[in-house]
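Below is one structure, written out as structure tokens; the observations come after it.
The values are calculated or read from the model by the stated rules, or taken from the named source; none is laboratory data. The shown structure was predicted, so the numbers you read here are calculated from the model rather than taken from an experiment. Here the Cβ is made from the backbone with ideal geometry for all residues, glycine too, and neighbour counts use every protein chain on show.
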Amino acid sequence: MSSQTRGGASPTKERAAIPPSLIPTGPGWNPGGWGPAPGAVLHVVLIRHGETLPNLERIIQGQSDGEITERGRQQAQLLGKRLMREKYEAVYCSDLKRVRQTVEEIKRVQPPEHKFDLNFKAELRERNAGEFEGHPYGSIDAAARAAGESPRSFTPRWGESWEDVRARAENFLQGLVEEHLPPPNPTMVGIASKSDKKRQGDQKSVLVVTHGGFVKEWIDTVSHYGGGCLASDPITQLTSQKSNGPRWPSLGQTGKGGGMHYPNRAKNTGVFRFNVTWKSGRLSVSMVQENDISHLRGLGDHAFDE
């Protein structure tokens, strides 16, 4: 997955479907040669950046380039020590300064043998708040109400709506699956060679360092995949094959535009963990840890973002 260049509202990159001719089929084909071995799991560790001064002042940062505070550096270093025993196949980061600084502090405390191959992606940026960057929290929702629009679809001048950020989260999920956990061949689901059986339960992990708003929309996105994507669908179709099952318990906030949405409450360096796998030919995502800051014991209160 390649990095995206810096711009205004982060563009959503269109991903081409995998041509059927490139999917191996036929007698004797080893499913593990293209897709994951049965039972393979991709662990996604999603983290919000360290504290910034606008977080403390409850000011909307959006995509402006703010710096983390001294306490933000301490938070990131404590997080880095927590992650010291974990190995990642890839590390994906927002390209905004507060995330870059957070990642540098995480790297600072890693042992020499830990190599972080960083992939900076504009796709992982905070919501572009446009004309409301630098304004107090709640300003965008107030403007949406004044305009008679849903806060979900309201687009600030020069900025993005939450639905735009959701589209970026959808695209990022597609990219992760395409890169690290492509679906098994649909004609071979349930069939495994001896080598595949040995590889059952393969574990891969990726680290994602981003922003509170992106975390919110990522959780909204993956909450639909309790088993909702057919492996036979092209990867570009992932987001249209959602489950009609119940939402996760965490989705307890009713948006004024209708529906349930995860609240914007990620804490600075809060850790969210997800398991992504293919079950019976369908993509399945489960959240196994939510907003954990146990590594920050003793540092006091922790700011939230908007």
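Summary of values
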{"item": "Count of residues meeting criterion [assigned to a helix (DSSP H, G or I) and either of a type outside the set (A, V, I, L, M) or within 15 Å of the chain's Cα centre (by Cα) (or both)] in segment 78-122", "result": "15"}
{"item": "Criterion: modelled with pLDDT of 50 or more, touching a Gly at 6+ places or on another chain (Cβ under 9 Å) and either assigned to a strand (DSSP E or B) or closer than 17 Å to V165 by Cβ (or both) - qualifying residue of G201, G226, G213", "result": "G213"}
{"item": "Residue in segment 44-66 that is within 18 Å of Q289 (Cβ to Cβ), in a helix (DSSP H, G or I) and of a type outside the set (D, E) present", "result": "no"}
{"item": "Where I140 falls short, out of the listed (1) in contact (Cβ under 8 Å) with a residue 12 or more places away in the chain; (2) surrounded by fewer than 18 Cβ atoms within 10 Å (Cβ to Cβ); (3) over 15 Å from the mean Cα position of the chain (by Cα)", "result": "(2)"}
{"item": "Which numbered condition E123 misses (of (1) of a type in the set (D, E); (2) in contact with a Pro (Cβ under 8 Å, 6 or more places away or on another chain); (3) at pLDDT 95 or above)", "result": "(2)"}
{"item": "Some residue of segment 161-176 being part of a loop (DSSP other than H, G, I, E, B), out of contact with any strand residue (DSSP E or B) (no Cβ under 8 Å at 6 or more places or on another chain) and surrounded by fewer than 17 Cβ atoms within 10 Å (Cβ to Cβ)", "result": "no"}
{"item": "Residues of segment 41-65 satisfying the condition of being touching a helix residue (DSSP H, G or I) at 6+ places or on another chain (Cβ under 6 Å), crowded, with 19+ Cβ neighbours inside 10 Å and more than 12 Å from V209 (Cβ to Cβ)", "result": "L42, E51, T52, I60, Q61"}
{"item": "Among residues of segment 120-133, those that are more than 16 Å from W218 (Cβ to Cβ) and either crowded, with 17+ Cβ neighbours inside 10 Å or in contact with a Ser or Thr (Cβ under 7 Å, 6 or more places away or on another chain) (or both), counted", "result": "6"}
{"item": "Some residue of segment 236-252 being over 26 Å from N55 (Cα atoms), in contact with a Gly (Cβ under 8 Å, 6 or more places away or on another chain) and at pLDDT 85 or above", "result": "no"}
{"item": "Matching option when the condition is in contact (Cβ under 8 Å) with a residue 12 or more places away in the chain and more than 23 Å from G298 (Cβ to Cβ), among Q101, Q110, Q63, Q74", "result": "Q63"}
{"item": "Residues (in a loop (DSSP other than H, G, I, E, B) and modelled with pLDDT of 80 or more) located in segment 253-277", "result": "Y262, P263, N264, R265, A266, N268, T269, G270"}
{"item": "Per-region count, segment 143-160, residues farther than 30 Å from G175 by Cα and either surrounded by 14 or more Cβ atoms within 10 Å (Cβ to Cβ) or β-branched (V, I, T) (or both)", "result": "3"}
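So that you can scan it fast, the table gives a plain yes or no per residue for (1) modelled with pLDDT of 50 or more; (2) more than 19 Å from the chain's Cα centre (by Cα); (3) of a type in the set (F, W, Y):
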| site | (1), (2), (3) |
| --- | --- |
| T5 | no, no, no |
| E14 | no, no, no |
| G32 | no, yes, no |
| G39 | yes, yes, no |
| V44 | yes, no, no |
| Q63 | yes, no, no |
| I68 | yes, yes, no |
| G72 | yes, yes, no |
